[in-house]
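**Student:** The structure follows.
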Amino acid sequence: MKNLEKKYNVSRETIDKLKTYEASLNEWQQKFNLVSNSSLSNSWNRHFEDSMQLFSLLPESAKTLYDFGSGAGFPGMVLAIMAAEKTPYLKVNLVESIKKKTLYLNEVKSLTGINNVNIINDRVENLKTQVADVITSRAMTSLNGLLGYAHRFCGKHTKCIFPKGRSHQEEILEAQKNWKFNLEILQSTQSDEGVILIITNLSKTKGAK
């Protein structure tokens, strides 16, 4: 436990909240299909630490974060729990269209006692446009699709943080047909095949629909 506190520079209380979250995931997975059953036995590495590694990439001054297609809360809910200790002024908005998953997210919010998270049961395209400081999304859709959702929420200083897998190069090439952006590719700490795409200065290419 102390190794985790040191690794992510968080308190024991924050790790305890994440462990409570992990226990609730195991319980709720028996009722709802929140994550793949094959990943459940290794959920701490596959879901929790995979999300936790993103926190150090958030700008310290960020005040609004949107997590698209939050599902069971990865990475958005994990980031909200860490932010509650480290940057409590960061408001995390979890956007999830499936009602049973938002029921679960509200349960996690209640169990962990955090109040810096807003859970939105709706589709991204239905949301009112608001410039965000950070946008995250994990396993929702292709990069091209993600940028299609994200561009309405992107301002001059918005930072998009998208974990991706082995097909990320193909996704980047496809997205570049429709979008211009600055790109940084970081290696995931949790998967040899995983990367984290950091996208800034997003705009449509000329002639893109």
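**Student:** Name the most mobile residue of Asp16, Asp67, Asp192, meaning the one with the largest mean-square fluctuation, in a Gaussian network model of the chain with Cα contacts below 10 Å.
**Tutor:** Among Asp16, Asp67, Asp192, the largest GNM mean-square fluctuation belongs to Asp192.
**Student:** Any idea how far the Cα center of the range 82-123 sits from the one of the range 132-148, in Å?
**Tutor:** 18
**Student:** Below 18 Å, Cα to Cα, which lysines can Lys101 reach? Residues fewer than 8 away in the same chain don't count.
**Tutor:** Lys31, Lys109
**Student:** May I pose another question? How high is the FRET efficiency from Gln30 to Val131, r the C-beta distance, R0 30 Å, rounded to 0.05? Could you put the intermediate results ahead of the total?
**Tutor:** Working: r = 40 Å, r/R0 = 1.33.
Plugging the Cβ-Cβ distance into 1/(1 + (r/R0)^6) gives 0.15.
**Student:** Can you tally the net charge around Asn118? Count Lys and Arg as +1, Asp and Glu as -1, for every other residue whose Cβ sits under 10 Å from the Cβ of Asn118. Don't jump to the answer; show the numbers that get you there.
**Tutor:** On the way: positive: Lys91, Lys109; negative: none.
Local net charge: +2.
**Student:** Take Ser167 and Ser191, extend 7 Å from each Cα along the Cα→Cβ direction, and tell me the distance between the two endpoints in nm.
**Tutor:** Going by the 7 Å Cα→Cβ label model, 1.2 nm.
**Student:** Expressed as a whole number of Å, what is the distance separating the alpha-carbon centroids of the range 8-69 and the range 167-196?
**Tutor:** About 22 Å separates the Cα centre of the range 167-196 from the one of the range 8-69.
**Student:** In the chain, what percentage of the DSSP-assigned beta bridges are antiparallel, given to the nearest 5? Don't jump to the answer; show the numbers that get you there.
**Tutor:** Values: 13 of 30 bridges.
Here the share of antiparallel DSSP bridges comes out near 45 percent.
**Student:** Here is a follow-up. Connecting C-alpha atoms closer than 10 Å in a GNM of the chain, tell me which of Lys19, Lys180, Lys128 has the biggest fluctuation.
**Tutor:** Lys128
**Student:** A further question on this structure: Which residues does a label at Ser142 reach in the range 155-194, if reach means a backbone N under 18 Å from a point 7 Å past the Cα toward the Cβ?
**Tutor:** Taking a point 7 Å out along Cα→Cβ of Ser142, the residues of the range 155-194 whose backbone N falls under 18 Å are 162-181.
**Student:** Apply the a/c threshold of 1.5 to the C-alpha gyration tensor of the range 1-76 and tell me whether it is rounded, prolate or oblate. Intermediate values should be presented prior to the final figure.
**Tutor:** Working: a/c = 2.13, a/b = 1.32, b/c = 1.62.
Here the range 1-76 falls in the oblate category.
**Student:** Next up: Rg to Rh for the range 2-204: what is it, with Cα atoms only and Rh by Kirkwood?
**Tutor:** Working: Rg = 16.0 Å, Rh = 17.0 Å.
Rounded to two decimals, Rg/Rh equals 0.94.
Read-outs throughout are calculated quantities, based only on the coordinates presented, and are distinct from any laboratory measurement. Predicted model, so just to flag it, every value in this text is computed and none were measured. Please note: Cβ atoms are built from the backbone with ideal geometry, for glycine as well, and neighbour counts cover all protein chains shown.
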